[in-house]
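The values are calculated or read from the model by the stated rules, or taken from the named source; none is laboratory data. Computed from a prediction, not measured in an experiment: that's the story for all the values here. Cβ sites come from the backbone with ideal geometry, for glycine too, and all protein chains shown count toward neighbours.
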Amino acid sequence: MLKNSISVALFSAIIICVISCKDDAVPKPASQLRLDYPVAEYVRYETNCPFTFDLNTEGIVKQNGNCNLSIDYPKMKATIYLTYKPVTNNIDSLLTDAQTLTYKHVVKADDIIEQPFRNPNDKVFGMFYQVNGNTATNTRFYVTDSTKHFIDCSVYFYTKPNFDSIMPASSYVRNDLQNLMESLRWK
């Protein structure tokens, strides 16, 4: 009986040693979400509207009447809204409306960076806004020729505004929006 007890105790001790001989648990380092987007490829977007521009092939254009466009980015859950308005002795009110819409975000914005845009050869003038912080839209612009045409454009993401989370997608779409503005030509 004593021999059986010693055998069971010895066997139990060996099993416990084998089971407990593992590497110590080491916490994994903090990871970062990696979002890879394709390299932007641009094609000229032609329409019956009085303007044309270069469009990223990732964007899906929908014409919403009166030369108003929405450009969807399904992978990024974002949409660029482009609104065209003819200038009819109302350039001051169009400019005021565009600037007011941008500065309504000042409550949530950390800062707003203005970048004037001038292309005198093609008569395209405007302002590019980068709105940093947890705002509904973080990139906007307007362009005009001051006599006939005015375009107001902004980006919206279909998610709760959290600037850190959408930063990669926001940067990608911001570059497209800036390219759109710089490549825009009046017909």
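Among the residues making up the range 145-187, a single one is more than 20 Å from Thr57 (Cα to Cα) and touching an Asp or Glu at 6+ places or on another chain (Cβ under 7 Å): Trp186. Answer yes or no as to whether Val131 is touching a Leu at 6+ places or on another chain (Cβ under 7 Å), of a type in the set (A, V, I, L, M, F, W, C) and part of a strand (DSSP E or B). Answer is no for this residue.
From Val155, Val61, grab the single residue that is in contact with a strand residue (DSSP E or B) (Cβ under 9 Å, 6 or more places away or on another chain), β-branched (Val, Ile, Thr) and surrounded by fewer than 15 Cβ atoms within 10 Å (Cβ to Cβ).
Working: Val155 fails: surrounded by fewer than 15 Cβ atoms within 10 Å (Cβ to Cβ).
Criteria check complete, one pass: Val61.
Just for the range 116-129: of the residues that are aromatic (Phe, Trp, Tyr) and within 21 Å of the chain's Cα centre (by Cα), which one is surrounded by the most Cβ atoms within 10 Å (Cβ to Cβ)?
Top of the filtered list is Tyr129.
Taken over the range 139-184, the residue count meeting the criterion of being at pLDDT 85 or above, charged (D, E, K, R) and more than 19 Å from Glu46 (Cβ to Cβ) is 3. With respect to being closer than 26 Å to Pro38 by Cα and of a type in the set (A, V, I, L, M), Leu101 falls outside the description. I'd like the residue in the range 33-54 that is among the aliphatic types (A, V, I, L, M) and in contact with a helix residue (DSSP H, G or I) (Cβ under 7 Å, 6 or more places away or on another chain) and, out of all such residues, is surrounded by the fewest Cβ atoms within 10 Å (Cβ to Cβ). The selected residue is Leu35.
When the criteria are applied in full, Asn132 fails the requirement of being in contact (Cβ under 8 Å) with a residue 24 or more places away in the chain, surrounded by fewer than 18 Cβ atoms within 10 Å (Cβ to Cβ), polar (S, T, N, Q) and closer than 18 Å to Asn56 by Cβ.
Within the range 64-86, take every residue that is in contact with a Pro (Cβ under 9 Å, 6 or more places away or on another chain) and either farther than 23 Å from Ser165 by Cα or polar (S, T, N, Q) (or both) and give me the one that is surrounded by the fewest Cβ atoms within 10 Å (Cβ to Cβ). Step by step, filter the range 64-86, then rank; the result is Pro86. Pairing residues of the range 166-187 that are farther than 16 Å from Gln115 by Cβ with residues that are among the acidic types (Asp, Glu), at Cβ distances under 8 Å and at least 6 apart in sequence or on separate chains, gives Arg185/Asp122; Trp186/Asp122; Trp186/Asp145. Residues considered: Thr139, Thr144, Thr100. Of these, the only one that is buried (at least 16 other Cβ atoms within 10 Å of the Cβ), among the hydroxyl-bearing types (Ser, Thr, Tyr) and over 18 Å from Arg174 (Cα atoms) is Thr144.
Can you pull out the residues in the range 30-47 that are within 30 Å of Gln63 (Cβ to Cβ) and at pLDDT below 90? Scanning the range 30-47 gives Leu35, Tyr37, Pro38, Thr47.
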